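The values are calculated or read from the model by the stated rules, or taken from the named source; none is laboratory data. Everything numeric in this text was worked out from a predicted model, so none of it was measured. Here the Cβ is made from the backbone with ideal geometry for all residues, glycine too, and neighbour counts use every protein chain on show.
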Amino acid sequence: MASANAGPDTSFCTSGFVSHVLQGSGNGSYSWSPAAYLNDPNIANPTATVNTTTTFYLTVTSTPSICTGIDSVTIYVNPPPVISTIADTTVCQFSNLVLTTSSSATSFSWSPAANVSNPTIANPNYISANSARMYVTGTSAAGCSAIDSVDVTLIPSPVINTINDTTLCTGQNITLTTNGGALFYSWSPASGLSNPNIASPVFSGTAAQTYTVTGTGGNGCTNSDMVAIDFSAPDSLKQPPSFTICQQQSIFLDGNNGTRMSYLWSPATYLSNATIINPLANPPQTTIYNLLVTDNTCAFDSVFSTTLTVLPPPVINVRKSNDIDCAFKSATLFASGGSQYVWSPSTGLNNTTISNPVATPANTQNYSVLVTDAFGCTNTSSITVFADKTASLARYMPNAFTPDGNGLNDCYGLKNWMYIQKLQFYIFNRFGEQVFATSNPNTCWDGTYKGKPALTGTYVYVIKAQTNCGEEEQKGSFLLIR
């Protein structure tokens, strides 16, 4: 078979005709189809002229064997998207202008991006305070783009500023002074005002109210501002909130009635400042604070009480399953008292964030655990895992026993036999007489010799054992106490 290579596929973005030189190769004679769109269908690199997506096939025929090879190449002709935004527009400054755009594009990009609410959507809001020419680029799924533009001209709106939000005493009036930046004014709602159609009416209402003033300039553009009028009276004061903290934490209290008032907290102990609205409090226990709130302008005060609850740290219980020796290669740690646990250091731990990690330290290691309860309060505790991998049954042997029949320490034997496989256990008195012998790890000496209570004093034990740690032979002494 002859080798034929029609070259790479190619894409164009156009609504008209495109000319492209095909890149054919192969050993033999060439034949391209459809030939109607080519300047010469029998050469390696003909020029194709098309206005729609077209696939061309190249047949290469070798000589003298007359073998053929076929390959294809596609010229993609993708029309750019149609995009059309609004016509050039003149609007009042601060008006709500949506740059509505219709398009077959799948993605959009507006420029300058800072002038619109979202530069990647078809219909953003115009948010600039200045006039500008805006460009929108639409891109189709095939990657073809088109651009449209709109000139946005802003007519200045009047500057409207009335007084700041105000709190009055009962029966007090106030003039809602507004700058003269407009020709006409309108206040809403009209109730409580001397004239709702002037720049600065007098408020003589008896109830709290929020007013909007709208000013209209000579060019017909409008702007607005708002002011909230409130009244200060004993029954209008608000209860300060209560708080909850953990021991050794601190928190800012909240007088909850604004900076117009003066405040006096008691008790003042553990407060950063008892005469401000938000003192920092760090009492060691739950405390009820009394708060005197005084309106010096309107000459009244009220007393509130609020509780700062101080939660105790969690009570931690920490323990271990065992220490590390030649038989016990790991130990399980246990902690309780909270809902979250963090152990440190991580050395030898399989998990540092559970209540019962497994510890395999190479050497004796002290572990600390930070415990957090459901309220977020914390406490710490620690435990030491001792590591002694030397084979020694003697370290488990008691140094005395009291065979007096009270059920406590009445029998002498090894306290930890759990990994002994074979045993020879002997006890001798000070005269060298054998008073006890066993090969049963569960048998201990009851303190008798030849059927009678043995004498008090020092005795010697001998242990020969096969354990998980290997062969052991241990000797030691202990006291019999009556």
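Could you check the range 341-363 and list, in sequence order, the residues that are in contact with a Leu (Cβ under 9 Å, 6 or more places away or on another chain) and farther than 14 Å from Ile324 by Cα? Explain how you work it out, then say what you get.
Kept after step one, since they are in contact with a Leu (Cβ under 9 Å, 6 or more places away or on another chain), are these residues of the range 341-363: 341-344, 349, 355-361.
Result: Tyr341, Val342, Trp343, Ser344, Ser355, Asn356, Pro357.
Restricting the range 319-353 to residues that are within 27 Å of the chain's Cα centre (by Cα) and over 18 Å from Cys377 (Cα atoms) leaves a set whose member that is surrounded by the most Cβ atoms within 10 Å (Cβ to Cβ) is Leu349. Just one residue in the set Tyr289, Tyr263 is touching a Ser or Thr at 6+ places or on another chain (Cβ under 9 Å), among the aromatic types (Phe, Trp, Tyr), within 21 Å of Ala233 (Cβ to Cβ) and without any contact (Cβ under 8 Å) to a residue 60 or more places away in the chain; that residue is Tyr263.
Kindly establish whether Gly138 is of a type outside the set (A, V, I, L, M), part of a strand (DSSP E or B), at pLDDT 95 or above and under 30 Å from Ser109 (Cβ atoms). I'd like the intermediate steps shown before the answer.
Values: of a type outside the set (A, V, I, L, M): yes; part of a strand (DSSP E or B): yes; at pLDDT 95 or above: yes; under 30 Å from Ser109 (Cβ atoms): yes.
It is true that Gly138 is of a type outside the set (A, V, I, L, M), part of a strand (DSSP E or B), at pLDDT 95 or above and under 30 Å from Ser109 (Cβ atoms).
Checking every residue in the range 233-244 against the condition of being exposed (fewer than 13 other Cβ atoms within 10 Å of the Cβ), within 30 Å of Thr378 (Cα to Cα) and touching a residue at least 60 places away in the same chain (Cβ under 8 Å) gives at least one match.
In the range 272-286, which residue that is more than 21 Å from Leu237 (Cα to Cα) and in contact (Cβ under 8 Å) with a residue 12 or more places away in the chain is surrounded by the most Cβ atoms within 10 Å (Cβ to Cβ)? First the steps, then the outcome.
We begin by selecting, within the range 272-286, every residue more than 21 Å from Leu237 (Cα to Cα); these are 272-273, 280-286.
Now drop any that are not in contact (Cβ under 8 Å) with a residue 12 or more places away in the chain, which leaves 280-286.
Numbers: Leu280: 13, Ala281: 21, Asn282: 15, Pro283: 17, Pro284: 9, Gln285: 10, Thr286: 13.
Restricting to residues being more than 21 Å from Leu237 (Cα to Cα) and in contact (Cβ under 8 Å) with a residue 12 or more places away in the chain, the top hit is Ala281.
When Ser149 is tested against (1) out of contact with any Leu (no Cβ under 6 Å at 6 or more places or on another chain); (2) surrounded by 14 or more Cβ atoms within 10 Å (Cβ to Cβ), exactly one condition is not met: (2). Residues in the range 14-46 that are under 60 Å from the mean Cα position of the chain (by Cα), part of a strand (DSSP E or B) and of a type in the set (Ser, Thr, Tyr): Ser19, Ser25.
Residue-wise test of (1) in the same structural domain as Gly470 (by TED's automatic domain parsing); (2) in a loop (DSSP other than H, G, I, E, B); (3) within 49 Å of the chain's Cα centre (by Cα).
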position: Asn356; (1), (2), (3): no, yes, yes
position: Ala362; (1), (2), (3): no, yes, yes
position: Leu370; (1), (2), (3): no, no, yes
position: Asp404; (1), (2), (3): yes, yes, no
position: Leu414; (1), (2), (3): yes, yes, no
position: Lys422; (1), (2), (3): yes, no, no
position: Tyr426; (1), (2), (3): yes, no, no
